[in-house]
Amino acid sequence: MADFLIRGSLADVDPEVAELIQLEHARQLDKLILIASESYVPAAVREAEGSVFQNIYAEGYPHAETIGLTEAEVLDYERQLPFYRRNGDRRYYKGVEYCNLVEALAQRRAAEVFCPPNLTPEQIFVNVQPLSGAVANLAIYEALTQPGDTVMTLDLLHGGHLSHGSPVSVTGRRQRIVHYQVNEETELLDYEEIYELAQRERPKMIIAGYTSYPWAPDFQRFREIADSVGAYLMADIAHTAGMAAAGVYPNPVGIAHVTSFTTHKTLMGPRGAIIITTDPEIAKKIDRAVFPGLQGGPHFNKIAGMATMLKIAKTDAFKALQQQIARNAVALSEGFKANGLRVVHGGTNTHMVLLDCKCIAQRDGVPLMGNPASRILDLVGIVCNRNTIPGDKDAAHPSALRFGTPWVTQRGLTEGDMREIADVVALVLKTAVPFAIQGRRGMTYSARVDFDALREGVRRVSALVAKAGRDYTLPPLTYPHVWHRGNGKSVLEVRGEHAPAFLDIVLAQPVSDLRVGERREGHLLGRDRVPHCSATVTRTVQGYALDVPAEYADWARQWLRALSDGFVIFDQSCVDEPIPGPVTVA
Ligand code: DSN
């Protein structure tokens with residue numbers, strides 16, 4: 001009989017996707033991930049997300065009487081199920097008795113986690129349905145403002161977010177957006193300037209809370225400014241919700257009219273978002289704006305994952321983790337400063353650090369920019385993102401890097417390790433030689449670094465990775481697709497359409513004229529085209545076989561791959577000249 005339930009594991013049904021998941025998991029474990037908006041979601045949360053709650057449609061909300069129920073009351077099935085059968089709920093579909101309970105559970109846990117000392121969880125209204133932070137923020141715009149109203153937010157280039165009224169986001173198209181900025185000299189929020197701007201612009205809503213401003217705002221001060229002009233205060237704590245839950249960052253709930261956050265950053269839950277308010281009238285507007293205003297059926301598998309994540313957020317271990325995340329960010333920032341690098345905004349009291357690349361290297365007036373710096377660090381094994389900072393002219397050319405400590409802290413790394421990461425970043429990026437290429441769509445900024453520094457960086461990052469904790473639920477994995485690993489053999493294969501032109505440049509003798517089976521003795525060139533080791537090249541059916549002395553095999557493989565990747569200096573006298581590529585070095 002046909003098995004219409006399509007039973008079978010992922011590896012059985014779709015080995016291709018199963019393999020991609022394995023590779024991605026290995027990558028995550030094999031590198032130091034310092035993306036400030038990412039974290040390693042616990043296996044328990046992922047299990048909830050992969051559950052059969054995925055199968056259910058439940059547009060609408062639980063019965064209004066579930067608001068304010070304690071966890072024990074929500075989970076009192078003997079009471080809840082007869083109540084459901086008799087009274088129904090605010091949904092369009094039947095079969096949702098357990099969806100109601102898991103949603104009410106997530107709401108209650110969120111209310112408890114984010115309850116300030118002067119309130120009780122019953123006074124906190126929670127919507128757990130937004131599919132993402134941008135949708136949550138859009139729902140707040142929809143609920144609290146009208147087209148044409150003025151909304152005041154931090155400039156994207158200074159640390160705001162696309163959904164805080166960027167012209168490329170719908171949040172920037174219907175309302176009138178005015179941006180406050182950080183103070184030019186201090187690079188800090190200046191509440192006097194923000195107050196004066198509010199008096200001039202009379203916004204309907206002010207947003208506080210950022211994606212790349214590393215200091216906690218003074219929410220009380222923002223509320224006073226909002227009150228002085230009759231505006232709503234919206235707090236967006238997407239990045240710092242986990243820290244706020246742990247008391248390591250100010251909790252805006254009860255101060256701001258409405259608070260939004262994603263659940264997958266420092267909170268380490270599923271990809272989704274939550275909106276909280278203490279005002280029942282605002283709560284009704286928010287609920288309507290989320291559904292049916294912007295969304296259809298909620299993703300119940302994620303809501304189940306949120307409930308689990310919020311349970312974890314109440315634990316002492318979670319609080320200790322968030323404290324260490326903050327300490328690690330300070331250590332990283334201090335480590336950069338100790339290396340003479342410029343930390344933007346002067347430091348941090350959150351999980352993130354901004355590093356100004358322009359100050360690390362310049363050549364002929366061309367600065368090191370965030371994009372090449374992030375790509376070079378990725379090769380080293382440090383994953384971060386390019387970011388704009390005050391002074392940048394547009395979002396397409398950020399001059400900084402943003403680092404965050406959640407993930408590395410989860411893996412057990414501490415302050416000394418952060419200083420080591422800062423040292424490695426400095427070691428590699430200080431050797432950068434930047435250059436710019438004029439393309440059809442404007443200027444492209446790039447850079448190349450010293451190969452020995454890159455190799456040394458890789459060695460030191462590998463040592464940190466070896467020390468970092470791994471998820472015990474997984475088999476040991478090794479990410480195979482890194483440029484520096486190999487099997488130690490002294491015959492390398494160079495393949496690909498660019499291989500002949502590539503080898504003509506990196507070998508002392510051209511080889512592109514060889515026919516299959518022919519060989520030529522020669523040398524592999526090192527930096528500045530100095531012959532580094534002998535290399536016998538044989539033309540093969542697939543490409544070229546390079547036979548190098550065994551003691552140079554590692555070096556040759558890494559050097560050729562790094563040249564192919566395009567971020568190491570081949571010839572100091574013409575750094576910006578590209579070498580043909582990419583090639584496969586197997
Ligand atoms: N993409 C997130 C970040 O990295 O800050 C914000 O949406």
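When the range 44-69 is limited to residues that are farther than 22 Å from Pro406 by Cβ, among the β-branched types (Val, Ile, Thr) and at pLDDT 95 or above, the one that is nearest to the ligand (Cβ to nearest atom) turns out to be Ile56.
Each row is one residue, and each column tells you yes or no for (1) among the hydrophobic types (A, V, I, L, M, F, W, C); (2) away from the ligand (no atom under 13 Å from the Cβ).
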site: Gly160; (1), (2): no, no
site: Thr171; (1), (2): no, no
site: Glu196; (1), (2): no, yes
site: Pro203; (1), (2): no, yes
site: Thr211; (1), (2): no, no
site: Glu224; (1), (2): no, yes
site: Val229; (1), (2): yes, yes
site: Ala245; (1), (2): yes, yes
site: Thr262; (1), (2): no, no
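The condition of being more than 16 Å from the ligand (Cβ to nearest atom) and at pLDDT 95 or above holds for only one of Ala143, Ala134, that being Ala143.
In the range 487-503, the residues that are over 16 Å from Gly581 (Cα atoms) reach residues that are aromatic (Phe, Trp, Tyr) with C-beta atoms within less than 8 angstrom, at least six apart or across chains, in these pairs: Ser490/Tyr552.
Check the range 470-483 and report whether any residue there is of a type in the set (Asp, Glu) and open to solvent by 80 Å² or more (accessible area, probe 1.4 Å).
Taking the range 470-483 as the starting set, the residues that turn out to be of a type in the set (Asp, Glu) are 471.
Filter once more, so that each one left must be open to solvent by 80 Å² or more (accessible area, probe 1.4 Å): none.
No, the conditions are met nowhere in the range 470-483.
Per this entry, Pro372 is counted among residues that are away from the ligand (no atom under 16 Å from the Cβ), within 23 Å of His158 (Cβ to Cβ) and surrounded by 17 or more Cβ atoms within 10 Å (Cβ to Cβ).
Output the number of residues of the range 453-485 satisfying the condition of being in contact with a helix residue (DSSP H, G or I) (Cβ under 8 Å, 6 or more places away or on another chain) and assigned to a helix (DSSP H, G or I). Even if it seems obvious, please write down each step before you answer.
Start the filter on the range 453-485 by keeping residues that are in contact with a helix residue (DSSP H, G or I) (Cβ under 8 Å, 6 or more places away or on another chain), which leaves 453-458, 460-461, 464-465, 467-471, 473-474, 477-484.
Next, only the ones that are assigned to a helix (DSSP H, G or I) stay: 453-458, 460-461, 464-465, 467.
Summing the residues that are in contact with a helix residue (DSSP H, G or I) (Cβ under 8 Å, 6 or more places away or on another chain) and assigned to a helix (DSSP H, G or I) in the range 453-485 gives 11.
Here's the yes/no breakdown for (1) under 27 Å from Arg288 (Cα atoms); (2) not in a helix (DSSP H, G or I):
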{"site": "Glu47", "(1), (2)": "no, no"}
{"site": "Gln54", "(1), (2)": "yes, no"}
{"site": "Tyr57", "(1), (2)": "yes, yes"}
{"site": "Gly68", "(1), (2)": "yes, yes"}
{"site": "Leu81", "(1), (2)": "yes, no"}
{"site": "Arg86", "(1), (2)": "yes, no"}
{"site": "Gly95", "(1), (2)": "yes, yes"}
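Criterion applied to Gly172, Gly159, Gly133 was being small (Gly, Ala, Ser) and at positive phi, and the one residue passing it is Gly159. Residues of the range 21-43 that are away from the ligand (no atom under 16 Å from the Cβ), within 16 Å of the chain's Cα centre (by Cα) and open to solvent by less than 30 Å² (accessible area, probe 1.4 Å): His25, Leu29, Lys31, Leu32. Looking across the range 348-363, the residues that are in contact with a strand residue (DSSP E or B) (Cβ under 8 Å, 6 or more places away or on another chain), touching a residue at least 60 places away in the same chain (Cβ under 8 Å) and either more than 16 Å from the ligand (Cβ to nearest atom) or of a type in the set (Asp, Glu) (or both) come down to Cys357, Ala361, Gln362, Arg363. Within the option set Gly581, Gly522, Gly488, being open to solvent by less than 40 Å² (accessible area, probe 1.4 Å) and either part of a loop (DSSP other than H, G, I, E, B) or charged (D, E, K, R) (or both) holds for one residue only, Gly581.
Among the residues of the range 403-447 satisfying the criterion of being among the polar types (S, T, N, Q) and part of a strand (DSSP E or B), which is most open to solvent (accessible area, probe 1.4 Å)? Step through it out loud before you land on a result.
Quick first cut of the range 403-447, residues among the polar types (S, T, N, Q) only: 405, 409-410, 414, 431, 438, 444, 446.
Right, trim to part of a strand (DSSP E or B) and you get 438, 444, 446.
Details: Gln438: 129, Thr444: 74, Ser446: 20 Å².
The selected residue is Gln438.
Anything in the range 264-284 that is touching a residue at least 40 places away in the same chain (Cβ under 8 Å), more than 16 Å from the ligand (Cβ to nearest atom) and within 18 Å of Pro62 (Cβ to Cβ)? List them, or say none.
Step one: filter the range 264-284 for residues touching a residue at least 40 places away in the same chain (Cβ under 8 Å), giving 264-280, 282-283.
From the residues that got through so far, the ones that are more than 16 Å from the ligand (Cβ to nearest atom) too are 276-280, 282-283.
Of everything in the range 264-284, those that are touching a residue at least 40 places away in the same chain (Cβ under 8 Å), more than 16 Å from the ligand (Cβ to nearest atom) and within 18 Å of Pro62 (Cβ to Cβ) turn out to be Ile276, Thr277, Pro280, Ala283.
Could you check how many residues of the range 105-131 are closer than 17 Å to Lys284 by Cβ and either acidic (Asp, Glu) or more than 16 Å from the ligand (Cβ to nearest atom) (or both)? The number of residues fulfilling the criteria is 10.
Right, Glu24: under 30 Å from Ala468 (Cβ atoms), modelled with pLDDT under 95 and part of a helix (DSSP H, G or I) or not? Here the answer is yes, as Glu24 does meet what is asked. Can we say Arg7 is within 21 Å of Lys302 (Cα to Cα), open to solvent by 90 Å² or more (accessible area, probe 1.4 Å) and at pLDDT below 95? So Arg7 does not fit the description; no.
One residue stands out among those in the range 54-69 that are open to solvent by 50 Å² or more (accessible area, probe 1.4 Å) and of a type outside the set (Gly, Ala, Ser): the one that is nearest to the chain's Cα centre (by Cα), which is Gln54.
Being without any contact (Cβ under 8 Å) to a residue 12 or more places away in the chain and within 22 Å of Asn301 (Cα to Cα) is a description that applies to Asp14.
Name, by its number, the condition in (1) outside any loop (DSSP other than H, G, I, E, B); (2) in contact (Cβ under 8 Å) with a residue 12 or more places away in the chain; (3) of a type outside the set (Asp, Glu); (4) more than 16 Å from the ligand (Cβ to nearest atom) that does not hold for Ala72. Failing condition for Ala72: (2).
The values are calculated or read from the model by the stated rules, or taken from the named source; none is laboratory data. Values in this document were obtained by computation on a predicted structure and should not be read as measured data. Here Cβ is always computed from backbone atoms with ideal geometry, including for glycine, and neighbour counts include all displayed protein chains. These accessible areas exclude ligands, DNA and RNA; they are computed on the full protein's heavy atoms, side chains included. Shrake-Rupley method; radii C 1.70, N 1.55, O 1.52, S 1.80 Å.
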